[in-house]
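What follows is a set of notes on a single structure, which appears directly below.
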Amino acid sequence: MLLHQRLREGQREYLLLALHDPLPQGCKPVDAGRGWTLERRLRQLAQDESNLRTLSTLVQAHGPLGRHATRTPEDVVKQAATLLSFGHLRLVLAPPPERYGAPAFPEEVPKQEPPVTPEEDVTLRLQVVDDASDGPISGIKLRILFADKTEKEVTTDADGNVNLEKVPRGSFDVLSLIDGATLSNSVAMVRTGGPWSGQKPSKAGTKSKATSERVLVKVTEHRVIDGETMDSVAEMYDLTADDVAQFNWETTDPAEVQQRLEISVGCTMKDEGGKFVFSRDDDPGILYVPRPVALSGLAVDQSHILRVKRARRPQPFSFSV
């Protein structure tokens, strides 16, 4: 588990907890702010190499980029800020170690910023389209966090659009909701930008029809090792074993899951109860894990295009003739 990671700032020490983790004794929650206030604070902490490694590890497990993607310190700060803003992680102040012989420095009081006032003429426009065909993707469920700390859950319409009127000015963050995700109904981020789908004809000369309901996810390939189980792998990503089974094989039936572990993951070893267990020798030995896509710092006064493709699917083995 990547919980209880520590960040240090002088004599102060912070813990990063998951949303439902109990508050350790002696610790107190920290209001780290939102938006630029939060990013500025994390940027200061990330100047310490040890803190930057800690944040990078958390972003690797929970962020929208791939396991081997290259991240700049600025990328790490922005993704960590998004995870904290949406409540996936909490920052708490640990009690001062006794060896210091003095209380920790008082908590920094964030500067008061003027309230963000909504203006009637500000409209948030966002569209999700297929990167290859420019066809709109309907049914994508998203959570939007505004600069004034309010949130709204939205779903893309038949034209792949989200249009919200009279929203707060400034930037906003987006998090995809992945309930019900499977490999067959999932799409993955490719890039942002490009022309609005309604303004660009398809290759056939007519606008593509919207697809059926999809789920926007980041798909993580997890290579199983000795001693892991479905439960332990799921727990590593804050999911349940049923979540992982449903995403990979669209079933949670125990007998069917066992069959898929043998056929799709290549399990050969069983425990005393006759259930398959993981080994580093399993071939291909891969489980696919869904993670939400998080985008931060999008400007309200600009239109945003999210370009996606079908999520990666396991490929059948092929043999040369």
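The values are calculated or read from the model by the stated rules, or taken from the named source; none is laboratory data. Just so it is clear, the model here is predicted, and its values are computed rather than measured. Backbone-built Cβ (ideal geometry, glycine too); neighbour counts: all protein chains shown.
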### Task
Output the residues belonging to the range 221-247 that are of a type outside the set (Phe, Trp, Tyr) and either on the phi > 0 side of the Ramachandran plot or touching a Ser or Thr at 6+ places or on another chain (Cβ under 7 Å) (or both).
Asp226, Gly227, Ala234, Asp238, Asp242, Ala245, Gln246
#### Entry: Unmet requirement for Val215, which otherwise passes all of (1) touching an Asp or Glu at 6+ places or on another chain (Cβ under 6 Å); (2) under 30 Å from Asp159 (Cα atoms); (3) of a type in the set (Val, Ile, Thr)
(1)
### Query
Pro284 passes all but one of (1) out of contact with any Gly (no Cβ under 7 Å at 6 or more places or on another chain); (2) surrounded by fewer than 20 Cβ atoms within 10 Å (Cβ to Cβ); (3) assigned to a loop (DSSP other than H, G, I, E, B); which number fails?
(1)
### Message
Taking the criterion of being modelled with pLDDT under 70, within 23 Å of Val293 (Cα to Cα) and outside any helix (DSSP H, G or I), would at least one residue in the range 35-56 satisfy it?
### Response
no
### Task
Examine the range 204-213 for a residue that is outside the structural domain of Lys166 (by TED's automatic domain parsing) and either polar (S, T, N, Q) or buried (at least 19 other Cβ atoms within 10 Å of the Cβ) (or both), and state whether such a residue exists.
no
### Task
Hey, could you check the range 63-87 for residues that are modelled with pLDDT under 80 and over 14 Å from the mean Cα position of the chain (by Cα) and say which is surrounded by the most Cβ atoms within 10 Å (Cβ to Cβ)?
Arg71
### Query
Restricting the search to the range 163-177, which residues are buried (at least 16 other Cβ atoms within 10 Å of the Cβ), among the polar types (S, T, N, Q) and farther than 12 Å from Gly297 by Cα?
Ser176
### Message
Anything in the range 29-61 that is over 17 Å from Leu93 (Cα atoms) and within 18 Å of the chain's Cα centre (by Cα)? List them, or say none.
### Response
Arg34, Gly35, Glu39, Ser56, Thr57, Leu58, Val59, Gln60, Ala61
### Spans of strands (runs of 3 or more DSSP E) in the range 132-217 with at least 1 residues of a type in the set (Ser, Thr, Tyr), at pLDDT 90 or above and closer than 25 Å to Pro290 by Cβ
151-155, 171-176, 186-192
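Yes or no: the range 223-238 includes at least one residue that is touching a Gly at 6+ places or on another chain (Cβ under 8 Å), modelled with pLDDT under 90 and either farther than 30 Å from Lys149 by Cα or buried (at least 18 other Cβ atoms within 10 Å of the Cβ) (or both).
No: zero hits.
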### Task
Please specify each residue of the range 142-169 satisfying the condition of being out of contact with any Asp or Glu (no Cβ under 8 Å at 6 or more places or on another chain) and either among the small types (Gly, Ala, Ser) or closer than 19 Å to Val187 by Cα (or both).
Ala147, Glu153, Val154, Thr155, Thr156, Asp157, Ala158, Asp159, Gly160, Asn161, Val162
#### Entry: Neighbours by Cβ (under 6 Å, 6+ apart or cross-chain): first from the range 245-268, surrounded by 20 or more Cβ atoms within 10 Å (Cβ to Cβ); second of a type in the set (S, T, N, Q) and not in a helix (DSSP H, G or I)
Ala245/Thr252; Phe247/Thr182
### Task
Scan the range 168-181 and give yes if some residue there is over 22 Å from the mean Cα position of the chain (by Cα) and hydrophobic (A, V, I, L, M, F, W, C), otherwise no.
no
